[in-house]
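Chemist: Would you mind keeping the following structure in view while I ask a few things?
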Amino acid sequence: MAAVLAMSVAGGGHALGATKLKSKSTKKSTAKARAKPAPANAATTAESGPTTATQDRAVFAPCDSGLECANVSVPLDPARPGGDHITLFVSRRPASNSAIRMGALFVNPGGPGGPAFDLVRSAKSFLTTDVLDRFDVVGVDPRGTDRSAPLDCSFDNLSTRDLVFPVDNSQLERRRAVYANLGKACSVSDGKKLAFMDTTTAARDIDAVRVAIGEEKISFLGMSYGTYLGAVYESLYPERTQSIVLDSAIDPFRFGVNQVLDPIAQSEVSLDAFLTACANGTLLPCRFSDGTDLRMKFNTVRETYLASRRNRSRAENDFDSTINSLIGYPRNGWPVLGRALQELAEGRQPIFEGTPADNLAASDGERIVPADRFSPTTNTAIICADGILPRDQTGYQTIVDQIPVLAPRFSGLRLSQLVATTCEQWPTPTAALTPLRSAPGATLVIGNNYDPTTPIAWSRALAGELGSAFLVRNGGGHVAVDKSACVQQAVARFLIDRVAPAQGTVCSPDIAHPS
């Protein structure tokens with residue numbers, strides 16, 4: 001689900017065969033919530049901060065296979081509604097049955113920087129008919145994407161080679177320089193907009209759109225980074241929210257180095273789960289199983305492969321990145337991994353297939369379609385403004401030092417964590433975090449046990465912070481609502497009746513082996 005996986009901004013790695021696979025990684029920090037009082041003005045309330053209401057109602061027109069689209073004007077600075085404005089691109093899939101319509105369900109795919117249009121267009125792949133009958137599905141392409149006041153910054157001599165893994169200190173410093181130059185270029189071309197590229201401002205944009213489309217309250221479904229956006233929105237506007245669903249959450253109390261380290265630590269957990277399922281027959285077929293201790297066998301296979309390569313550092317990155325790209329996907333990735341590891345054990349060249357999605361779709365056309373207009377620059381601006389990634393070089397070094405300790409079988413991933421250098425010289429300061437809160441019974445948080453991008457511990461922690469209901473899917477992949485009929489039914493009941501799953505509910509796999 002590319003629109004959501006954009007939260008994974010680390011580069012990938014070369015697969016052990018001819019195919020390249022992408023590895024995951026994410027971003028966040030240990031800062032406690034730093035409250036920032038809303039600016040005092042006539043539009044400020046103690047509950048919500050500055051209102052972002054627009055004067056004009058949105059005018060929708062048909063735009064794509066049953067969808068309607070509109071442009072909505074919002075203040076560049078929500079605290080100054082009379083100042084400069086920008087235009088947001090909004091898409092809507094009207095409720096199928098107007099006679100039983102309940103309201104508007106806003107959706108966000110994550111990123112940050114992922115446009116919501118693709119998610120609205122593919123709503124039937126993750127929402128039940130009952131939900132589609134009752135709700136308009138509404139997407140707001142976030143400010144900074146190319147249909148919503150895009151960031152236009154660029155500079156000469158930028159090469160993708162500058163953004164890949166460094167093999168020496170000079171390349172590491174070159175990558176740091178690339179992002180420093182990008183920040184300078186953005187300051188020159190988009191200085192005004194760059195100061196308002198944070199999640200709290202994006203949440204106020206959503207409320208401006210709520211006003212523009214004439215809704216008293218809205219429901220919200222956020223995925224990946226979209227969970228943080230949804231949590232901030234309901235914290236700012238509890239009186240304007242109906243039901244909030246947060247699927248595969250990021251944890252704002254783990255921003256900084258932990259946003260990189262936590263998913264890598266999760267890889268160790270998922271690897272042990274794979275080896276256990278392979279050994280005890282839960283995973284069928286599993287060609288790697290031969291009655292021996294599979295943990296020892298895996299270590300032997302890994303070390304034999306690394307010892308056979310001329311450049312061990314590069315080989316370690318390739319091997320660990322490839323394993324990491326499959327280990328979080330029990331339904332489709334684990335069988336591939338079991339076969340490939342056995343091929344390595346037999347001294348043969350393994351054939352690794354592309355990272356599976358682990359969803360229920362019968363074909364690519366039925367899946368949540370990838371974002372066609374994802375904005376990497378917007379992604380950088382938001383993760384830096386929010387403090388999702390560390391802001392100093394010691395943060396990067398901490399990550400490099402801790403990976404072998406937290407995840408010894410994935411120590412090669414230290415080369416892929418250059419994502420942590422992204423914000424070291426970003427020109428805008430870190431924005432204050434919005435203290436999180438939720439009205440009783442208003443929120444449902446969901447997590448996958450083997451999510452390779454947002455560890456389930458983050459979803460569990462966010463549910464605890466909000467005092468919300470929590471649903472576990474005993475499966476893998478990133479985001480649960482497109483991978484489980486059980487999850488889809490739970491989401492439908494929560495959105496329609498505001499009835500949450502009973503405490504301790506676990507959605508079982510939809511197939512025979514763990515997924």
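The values are calculated or read from the model by the stated rules, or taken from the named source; none is laboratory data. Bear in mind that the values here come from a model prediction, so they are computed numbers and not experimental data. Neighbour counts are summed over all protein chains in view; Cβ atoms, including those assigned to glycine, are modelled from backbone coordinates with ideal geometry.
Chemist: State yes or no: is ILE351 aliphatic (A, V, I, L, M), modelled with pLDDT under 85 and either farther than 30 Å from GLY113 by Cα or not in a loop (DSSP other than H, G, I, E, B) (or both)?
Modeler: Yes, satisfied.
Chemist: Can PHE288 be described as outside any helix (DSSP H, G or I), crowded, with 24+ Cβ neighbours inside 10 Å and of a type in the set (Phe, Trp, Tyr)? First the steps, then the outcome.
Modeler: Working: outside any helix (DSSP H, G or I): yes; crowded, with 24+ Cβ neighbours inside 10 Å: yes; of a type in the set (Phe, Trp, Tyr): yes.
Yes.
Chemist: What residue, among those in the stretch 122-133 that are over 19 Å from the mean Cα position of the chain (by Cα) and surrounded by fewer than 23 Cβ atoms within 10 Å (Cβ to Cβ), is modelled with the lowest pLDDT?
Modeler: Initial filter on the stretch 122-133 (over 19 Å from the mean Cα position of the chain (by Cα)): 124, 128-133.
Those still in the list that are surrounded by fewer than 23 Cβ atoms within 10 Å (Cβ to Cβ) too: 124, 128-130, 132-133.
Working: LYS124: 93, THR128: 97, THR129: 98, ASP130: 98, LEU132: 98, ASP133: 98.
The qualifying residue modelled with the lowest pLDDT is LYS124.
Chemist: Next question, about the same structure. With respect to LEU221, determine if the residue is crowded, with 24+ Cβ neighbours inside 10 Å and at pLDDT 95 or above. Steps first, answer last, please.
Modeler: Values: crowded, with 24+ Cβ neighbours inside 10 Å: yes; at pLDDT 95 or above: yes.
Criteria met by LEU221.
Chemist: Additional query: Tally the residues that are part of a helix (DSSP H, G or I) and under 25 Å from GLY291 (Cα atoms), restricting the search to the stretch 316-339.
Modeler: Residues flagged as part of a helix (DSSP H, G or I) and under 25 Å from GLY291 (Cα atoms) within the stretch 316-339 amount to 14.
Chemist: Sort out which residues of the stretch 237-250 are buried (at least 24 other Cβ atoms within 10 Å of the Cβ) and either more than 23 Å from VAL481 (Cβ to Cβ) or in contact with a Leu (Cβ under 9 Å, 6 or more places away or on another chain) (or both), and write them in order of number.
Modeler: If the condition is that a residue be buried (at least 24 other Cβ atoms within 10 Å of the Cβ) and either more than 23 Å from VAL481 (Cβ to Cβ) or in contact with a Leu (Cβ under 9 Å, 6 or more places away or on another chain) (or both), then SER243, ILE244, VAL245, LEU246, ASP247, ALA249, ILE250 are the ones that fit.
Chemist: Which of the residues that make up the stretch 429-464 are modelled with pLDDT of 95 or more, in contact with a helix residue (DSSP H, G or I) (Cβ under 6 Å, 6 or more places away or on another chain) and not aliphatic (A, V, I, L, M)?
Modeler: Residues satisfying the conditions are THR443, GLY447, PRO455.
Chemist: Taking LEU229, is it touching a Gly at 6+ places or on another chain (Cβ under 8 Å), part of a helix (DSSP H, G or I) and either among the aliphatic types (A, V, I, L, M) or surrounded by fewer than 24 Cβ atoms within 10 Å (Cβ to Cβ) (or both)?
Modeler: Details: touching a Gly at 6+ places or on another chain (Cβ under 8 Å): yes; part of a helix (DSSP H, G or I): yes; either among the aliphatic types (A, V, I, L, M) or surrounded by fewer than 24 Cβ atoms within 10 Å (Cβ to Cβ) (or both): yes.
Considered against the rule, which asks whether it is touching a Gly at 6+ places or on another chain (Cβ under 8 Å), part of a helix (DSSP H, G or I) and either among the aliphatic types (A, V, I, L, M) or surrounded by fewer than 24 Cβ atoms within 10 Å (Cβ to Cβ) (or both), LEU229 comes out as yes.
So that you can scan it fast, the table gives a plain yes or no per residue for (1) modelled with pLDDT of 95 or more; (2) of a type in the set (Asp, Glu); (3) at positive phi:
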site: VAL211; (1), (2), (3): yes, no, no
site: GLU215; (1), (2), (3): yes, yes, no
site: TYR237; (1), (2), (3): yes, no, no
site: ARG309; (1), (2), (3): no, no, no
site: THR322; (1), (2), (3): no, no, no
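Chemist: Please state which one of THR292, THR304 is within 23 Å of ILE403 (Cβ to Cβ) and either at pLDDT 90 or above or among the small types (Gly, Ala, Ser) (or both).
Modeler: Only one candidate passes the filter, namely THR304.
Chemist: Ok, one more. Spot the failing condition for ARG473; the list is (1) touching a helix residue (DSSP H, G or I) at 6+ places or on another chain (Cβ under 6 Å); (2) in a loop (DSSP other than H, G, I, E, B); (3) of a type in the set (Lys, Arg), and only one is missed.
Modeler: In the conditions (1) touching a helix residue (DSSP H, G or I) at 6+ places or on another chain (Cβ under 6 Å); (2) in a loop (DSSP other than H, G, I, E, B); (3) of a type in the set (Lys, Arg), ARG473 misses (2) alone.
Chemist: Please find, within the stretch 82-101, the residue that is modelled with the lowest pLDDT out of those that are surrounded by fewer than 20 Cβ atoms within 10 Å (Cβ to Cβ) and part of a loop (DSSP other than H, G, I, E, B).
Modeler: Out of the qualifying residues, it is GLY82.
Chemist: Identify the residue in the stretch 163-183 that is of a type in the set (Lys, Arg) and closer than 14 Å to GLN417 by Cα and, among all such residues, is modelled with the lowest pLDDT.
Modeler: Start the filter on the stretch 163-183 by keeping residues that are of a type in the set (Lys, Arg), which leaves 174-176.
Of the ones still in play, those that are also closer than 14 Å to GLN417 by Cα are 175-176.
On the way: ARG175: 80, ARG176: 86.
Within the stretch 163-183, the match that is modelled with the lowest pLDDT is ARG175.
Chemist: Using beta carbons and a limit of 6 Å, which pairs, at least six apart or on different chains, have the first residue in the stretch 308-329 and over 16 Å from LEU344 (Cα atoms) and the second one among the aliphatic types (A, V, I, L, M) and in a helix (DSSP H, G or I)?
Modeler: Short answer, once both residue conditions are applied: ARG312/LEU306; ASN317/LEU415; ILE327/LEU271.
Chemist: Taking the options GLN488, GLN425, GLN402, name whichever one is surrounded by fewer than 24 Cβ atoms within 10 Å (Cβ to Cβ), in contact with a helix residue (DSSP H, G or I) (Cβ under 9 Å, 6 or more places away or on another chain) and part of a loop (DSSP other than H, G, I, E, B).
Modeler: GLN425
Chemist: From the list SER243, SER235, SER313, exactly one residue is closer than 30 Å to ARG101 by Cα, part of a helix (DSSP H, G or I) and of a type in the set (S, T, N, Q). Which is it?
Modeler: SER235
Chemist: Could you tell me whether any residue of the stretch 496-513 is hydrophobic (A, V, I, L, M, F, W, C), outside any loop (DSSP other than H, G, I, E, B), more than 16 Å from the chain's Cα centre (by Cα) and surrounded by fewer than 22 Cβ atoms within 10 Å (Cβ to Cβ)?
Modeler: Scanning the stretch 496-513 turns up at least one residue that is hydrophobic (A, V, I, L, M, F, W, C), outside any loop (DSSP other than H, G, I, E, B), more than 16 Å from the chain's Cα centre (by Cα) and surrounded by fewer than 22 Cβ atoms within 10 Å (Cβ to Cβ).
Table: residues versus (1) more than 30 Å from LEU337 (Cα to Cα); (2) of a type in the set (A, V, I, L, M, F, W, C); (3) out of contact with any strand residue (DSSP E or B) (no Cβ under 6 Å at 6 or more places or on another chain).
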{"position": "GLY441", "(1), (2), (3)": "yes, no, yes"}
{"position": "ASN449", "(1), (2), (3)": "no, no, no"}
{"position": "THR453", "(1), (2), (3)": "no, no, yes"}
{"position": "SER468", "(1), (2), (3)": "yes, no, no"}
{"position": "ASN474", "(1), (2), (3)": "no, no, no"}
{"position": "ALA480", "(1), (2), (3)": "no, yes, no"}
{"position": "CYS507", "(1), (2), (3)": "no, yes, no"}
